[in-house]
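Here is the structure we will look at.
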Amino acid sequence: MEFTLRRILFFCIILSFSGSVLSQNTKSVSVLTHQMTPDEYTRQNEIGRNFVQTDPPTGDITSMAEFDRAIGAVIAYPFGIPMNLIREMAKDAVVTTLVADVAAQNTVINLYTQARVNLNNCEFMIIPTNSYWTRDYGPWYVTYGNNQIGIIDFPYNRPRPQDDDAPKLMAQNLGIPWFGMPVSHTGGNYMTDGYGYASSTTIVYTENTSMTPAEINQHMQNYLGIDDYSVLEDPNNTYIDHIDCWGKYLAPDKVLIRSVPASHPQYDEIEATAAYYANKISMYGTPYKVYRVFTPQNQPYTNSFILNDKVFVPIMNSQYDNDALQVYKDAMPGYKVFGILGQPTTPWESTDALHCRAHEMADLQMLYLKHIPRTGNQPIQNSYNFVAYAHTFGGQQVIADSMLMYYRVNPNPVTPYTVIPLNNTMGDAWSATLTAPAEGSTVEYYIFAKDETGRREFQPFIGKADAFKFYIGNKLDAQVGVNPSAVDFTAMKDTRDTTNLTINSTGAISVNYSIEGITDVNDTLNFTLNNSPGMTVWSSNTLTELNWTTFAVTATGNVKNVVLDYAWMSDEFYEEGSIWIQSPSGTSYRAGYQQLDGTYRVICPAFEGEPLNGNWKVWMEDSHGDGGHQATNVRVQLIADNPQSNWLSIGSPNGNIAPGSNTHIQLIANAQGLNIGTYNGLVKVYSNDPDQPVIEVPLTLNVTINTAADQGLYTDKIEVYPNPFVNELNLTFNLVNKSEVLIEIYNTNGMLVYSSKQSIGMGEQQLTIPSNDLPEGLYLLKITNGENQNNFKLIKGK
């Protein structure tokens, strides 16, 4: 890995400041580790020496989960986490730093200033500590009583008196109650779901020898509201026995468990632990969804930190890092997932990583939205009731008309949500009723709340990106079929061609479909650009400094849309980088900024209507002026704004098809105004078929010479349906010009039974002929336009 001059200076600054603090607090930094020292092993009798037990909180007690709303995080100085993590947390959350004294606070402020941390989101508490493991000795927040928030403390299972005192001093700084629970414990060995379920390893029992497991469980219930406490043997069999070294709650019904190769000495124990959670019923009433992250070299991927909508995962510069990050993305859709490398001086370890060194801080003014969702198969009934609880903690009120439930039934990927209000039933309880859809249907939904301060909350926390899902009775699946798999149109210039796309519903429930037509495929200009200059060879602007990059467009016409694709790499100051694109007219658009490493596709709407022709420019900027970013695999798509390019019309772009039925969707290719040639397009059929949510049907339109511009009527483009007919007969025409058309119906005796002359407009037109008065039998339909005549044999049924 290359190091820029800035990085070298940055680490020199850190080491310089750290050196001054080492002299002030040598014991904190140079002696203590995550493990107890030999001296501490001899002083275990001092654990909890200054602890004071209190009565437990009153009322309904809930231990807040890591993935509940937080105002920010608490960390301790000297740091155990890298500065780029602190900077990212401080962007939109408050970082509270525990420091020994004012001098240390000033040192940290200087460090934060050097690293461009948002000081507006930084707070300090002068609380001396022995170490930076705020997770292990830090406060556990509970809600209790009359919508109150307090801190639960415990004897920290290390003989470190300053660390042990920190939660009580934090409660004093925050002005909230503090409660002393007489159970020796540690935060790295405690995870809760926010609904009364929690997990730890058996050290919570073995380190509290004066109490029985039942007594310990009772304390956990009395002080933390834990009604279901899973206490497991540590499958890792390591010295520390902390649960965050192998598992983590990601949501009330989701748990992450490490996995290892079968050759790993702890393979059986780890698999048994994963099986335990897979068979355990969560608070939602369904088995836990168990996600696995591969840790063949004991990587600490489970030792991550969730802060509101961000997930910080410790990575090791390993070939397994990207897969680990993807597991989090799959398990937590909608969250921003960051891979964080450790510092050289305080690297991540298999038993000590990011989660151990940072702790969430509750929002004391929060809007606390809770909901036990309907999930899985639900009993069949006429309607379903939904209850949510919205607590406020700052005296503010919930806005009544902002308590909403969003839902959709048997959705395809683009189905919009319908909203219904929740009504206040009593106190903090709000409810809504949904009329039951058909048996077997899938319902997706989420809850929204807002209070007078503008705070907004969702359940699930991330909202519709991970909406709750349940089924009416047993889940049934739709199954869709589309025919044909490709469509070829042929139309003479200035005429139309029509065909049907048949959608079949062959599953157990109705197909919910939406159709999108795309006809600008042939109007897209593609440009592949050279990779940008390397991360260390430019400063502020790659265009002005190194002429990256300009490309010429010779095509005429105007822009409909611009799409920029690229892979992005950045240093730890990723938020300083941006990528721009500029049109020949001089319009500039910042396509990407504050980007993590990854692959991006950006639609750039700023250029619509501008000329294509001329020199286009793409460049990168760094707001601090020292580079550190690179774009590779850069591709630009310029989509021309051809008014005639939208040559496709779709008859019924949305609908439902009952099981065992089909529908014919009319596709009309209009060659009006198109030049002779071949045009490409695409139809996307979205459906609620879980195996085929999107089916793509390629389209080709061949526009040929118009050899019959004066004939008006194209006889091969008349459709007559249904046949046999009963109450009415439908005629579809495709005319080049407005024409007079004679429509006649004769019976088998040659008698004229219907005659009508119609003025038919240009293009696709439809007529309906009432036929109630015609008796059953055979008929002849004649359609005459000038010298052209078409005959159709018809059957009149019952």
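The values are calculated or read from the model by the stated rules, or taken from the named source; none is laboratory data. Bear in mind that the values here come from a model prediction, so they are computed numbers and not experimental data. Backbone-built Cβ (ideal geometry, glycine too); neighbour counts: all protein chains shown. Surface accessibility is based on the protein's heavy atoms, side chains included, excluding ligands, DNA and RNA. Shrake-Rupley method; radii C 1.70, N 1.55, O 1.52, S 1.80 Å.
Here's a check for you: in the range 201-219, which residue that is over 20 Å from Pro159 (Cβ atoms) and open to solvent by 60 Å² or more (accessible area, probe 1.4 Å) is farthest from the chain's Cα centre (by Cα)?
Per the stated criteria, the residue is Thr212.
Among what's in the range 622-652 and is surrounded by 14 or more Cβ atoms within 10 Å (Cβ to Cβ) and closer than 30 Å to Ala438 by Cα, pick the residue that is modelled with the lowest pLDDT.
Out of the qualifying residues, it is Gly651.
Would you check which residues across the range 721-737 are of a type outside the set (Asp, Glu) and either on the phi > 0 side of the Ramachandran plot or part of a strand (DSSP E or B) (or both) and list them? Walk me through how you get there before you give the answer.
We begin by selecting, within the range 721-737, every residue of a type outside the set (Asp, Glu); these are 721-727, 729-737.
Those that are of a type outside the set (Asp, Glu) and either on the phi > 0 side of the Ramachandran plot or part of a strand (DSSP E or B) (or both): Tyr721, Phe725, Leu729, Asn730, Leu731, Thr732, Phe733, Asn734, Leu735.
State the number of residues belonging to the range 133-181 that are of a type outside the set (Asp, Glu) and assigned to a strand (DSSP E or B).
At the first step, the residues of the range 133-181 found to be of a type outside the set (Asp, Glu) are 133-135, 137-152, 154-162, 166-181.
Restricting the remaining residues to those that are assigned to a strand (DSSP E or B) gives 140-144, 148-152, 156, 178-180.
Qualifying residue count for the region: 14.
Considering only residues of the range 51-85 that are touching a helix residue (DSSP H, G or I) at 6+ places or on another chain (Cβ under 6 Å) and either at positive phi or part of a loop (DSSP other than H, G, I, E, B) (or both), which is most open to solvent (accessible area, probe 1.4 Å)?
Filtering the range 51-85 for residues that are touching a helix residue (DSSP H, G or I) at 6+ places or on another chain (Cβ under 6 Å) and either at positive phi or part of a loop (DSSP other than H, G, I, E, B) (or both), the one most open to solvent (accessible area, probe 1.4 Å) comes out as Pro56.
Residue under question is Val260, and the condition is that it be surrounded by 14 or more Cβ atoms within 10 Å (Cβ to Cβ) and either touching a strand residue (DSSP E or B) at 6+ places or on another chain (Cβ under 7 Å) or aromatic (Phe, Trp, Tyr) (or both); does it hold?
No.
In the range 340-369, what count of residues is obtained for those that are β-branched (Val, Ile, Thr) and within 13 Å of Val313 (Cα to Cα)? If you could, list the steps in order and put the result at the bottom.
Just the residues of the range 340-369 that are β-branched (Val, Ile, Thr), to begin with: 340, 345-346, 351.
Subsequent filtering for residues that are within 13 Å of Val313 (Cα to Cα) retains 340.
Number of matching residues: 1.
Matching residues to (1) open to solvent by 50 Å² or more (accessible area, probe 1.4 Å); (2) touching a residue at least 12 places away in the same chain (Cβ under 8 Å); (3) of a type in the set (Lys, Arg):
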residue: Thr113; (1), (2), (3): yes, no, no
residue: Ile126; (1), (2), (3): yes, yes, no
residue: Tyr144; (1), (2), (3): no, yes, no
residue: Phe154; (1), (2), (3): no, yes, no
residue: Phe179; (1), (2), (3): no, yes, no
residue: Pro182; (1), (2), (3): no, yes, no
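So in the range 749-771, with the set limited to residues that are modelled with pLDDT of 80 or more and polar (S, T, N, Q), which one is nearest to Ser649 (Cα to Cα)?
Ranking the qualifying residues of the range 749-771, first place goes to Gln765.
So Asp773 passes all but one of these: (1) open to solvent by 60 Å² or more (accessible area, probe 1.4 Å); (2) in contact with a helix residue (DSSP H, G or I) (Cβ under 6 Å, 6 or more places away or on another chain). Which condition number does it fail?
So Asp773 meets the others, but not (2).
Would you check which residues across the range 586-621 are open to solvent by 60 Å² or more (accessible area, probe 1.4 Å) and in contact with a Pro (Cβ under 6 Å, 6 or more places away or on another chain) and list them?
Asn615
Being closer than 30 Å to Met89 by Cβ and open to solvent by 50 Å² or more (accessible area, probe 1.4 Å) is the filter here; which residues of the range 572-585 pass it?
The answer is Trp580, and nothing else.
Which residues, taken from the range 586-610, are of a type in the set (Ser, Thr, Tyr) and either closer than 23 Å to Leu325 by Cβ or assigned to a strand (DSSP E or B) (or both)?
Ser588, Tyr589, Tyr593, Thr599, Tyr600
For the range 424-453, give me each residue that is open to solvent by 40 Å² or more (accessible area, probe 1.4 Å) and either among the hydroxyl-bearing types (Ser, Thr, Tyr) or within 26 Å of the chain's Cα centre (by Cα) (or both).
The answer is Thr425, Thr433, Thr435, Lys450, Thr453.
What number goes with the only condition from (1) open to solvent by 30 Å² or more (accessible area, probe 1.4 Å); (2) closer than 30 Å to Asn308 by Cβ that Glu457 does not pass?
So Glu457 meets the others, but not (1).
Please verify whether Asp268 is buried (at least 21 other Cβ atoms within 10 Å of the Cβ) and among the acidic types (Asp, Glu), treating the condition exactly as stated.
no
Of the residues Thr678, Thr663, which is in a strand (DSSP E or B), surrounded by fewer than 15 Cβ atoms within 10 Å (Cβ to Cβ) and either of a type outside the set (A, V, I, L, M, F, W, C) or modelled with pLDDT under 95 (or both)?
None of the other options fit; the residue is Thr678.
So which residues in the range 506-564 are charged (D, E, K, R) and under 30 Å from the mean Cα position of the chain (by Cα)?
Listed by number, the residues that qualify are Glu516, Asp520, Lys560.
Here is a check on your reading of the model: is Glu360 farther than 30 Å from Asn474 by Cβ, surrounded by fewer than 21 Cβ atoms within 10 Å (Cβ to Cβ) and among the charged types (D, E, K, R)?
Spelling it out, it is not the case that Glu360 is farther than 30 Å from Asn474 by Cβ, surrounded by fewer than 21 Cβ atoms within 10 Å (Cβ to Cβ) and among the charged types (D, E, K, R).
Counting just the residues of the range 486-522 that are farther than 20 Å from Gly677 by Cβ and aliphatic (A, V, I, L, M), which one comes out surrounded by the fewest Cβ atoms within 10 Å (Cβ to Cβ)?
The extreme case among them is Ala508.
Scan the range 80-107 for residues that are charged (D, E, K, R) and within 17 Å of Met170 (Cβ to Cβ) and report the count.
So the count comes out to 1.
How many residues are among the basic types (Lys, Arg) and under 17 Å from Asp523 (Cα atoms) if we restrict to the range 587-616?
So the count comes out to 0.
List the residue pairs whose Cβ atoms are under 8 Å apart, where the first residue sits in the range 483-512 and is free of Cβ contacts under 8 Å to residues at least 12 places away in the same chain, the second is charged (D, E, K, R) and assigned to a strand (DSSP E or B), and the two are 6 or more positions apart or on different chains.
none
Can you list the strands (runs of 3 or more DSSP E) lying wholly within the range 331-387 that have 1 or more residues being within 26 Å of Thr186 (Cα to Cα)?
Passing ranges, in order: 336-341, 359-362, 367-371.
Conditions: (1) closer than 17 Å to Ser63 by Cβ; (2) surrounded by fewer than 24 Cβ atoms within 10 Å (Cβ to Cβ). Gln172 meets all but one. Number of the miss?
Condition not satisfied by Gln172: (1).
Scan Lys310, Lys289, Lys280, Lys248 and give me the residue that is within 24 Å of Pro82 (Cα to Cα), in contact with a strand residue (DSSP E or B) (Cβ under 8 Å, 6 or more places away or on another chain) and surrounded by fewer than 21 Cβ atoms within 10 Å (Cβ to Cβ).
It is Lys310.
Out of the range 741-783, which residues are without any contact (Cβ under 8 Å) to a residue 24 or more places away in the chain, among the acidic types (Asp, Glu) and farther than 15 Å from Asn723 by Cβ?
Selection gives Asp773 alone.
Could you tell me whether the range 738-747 includes any residue that is open to solvent by 70 Å² or more (accessible area, probe 1.4 Å), assigned to a loop (DSSP other than H, G, I, E, B) and at pLDDT below 80? Walk me through it before giving the result.
Looking only at the range 738-747, we keep the residues that are open to solvent by 70 Å² or more (accessible area, probe 1.4 Å), and these are 738, 740.
Right, trim to assigned to a loop (DSSP other than H, G, I, E, B) and you get 738.
After this cut, where a residue has to be at pLDDT below 80 as well, the list is 738.
Yes, because at least one residue in the range 738-747 is open to solvent by 70 Å² or more (accessible area, probe 1.4 Å), assigned to a loop (DSSP other than H, G, I, E, B) and at pLDDT below 80.
Can you spot a residue in the range 385-405 that is free of Cβ contacts under 8 Å to residues at least 24 places away in the same chain, of a type outside the set (Lys, Arg) and open to solvent by 50 Å² or more (accessible area, probe 1.4 Å)? Talk me through it step by step, then tell me what you get.
From the range 385-405, those free of Cβ contacts under 8 Å to residues at least 24 places away in the same chain are 395, 401; that's our starting set.
Add one more test, that the residue is of a type outside the set (Lys, Arg), and what stays is 395, 401.
Narrowing the set further to residues that are open to solvent by 50 Å² or more (accessible area, probe 1.4 Å) leaves 395, 401.
Yes, the conditions are met somewhere in the range 385-405.
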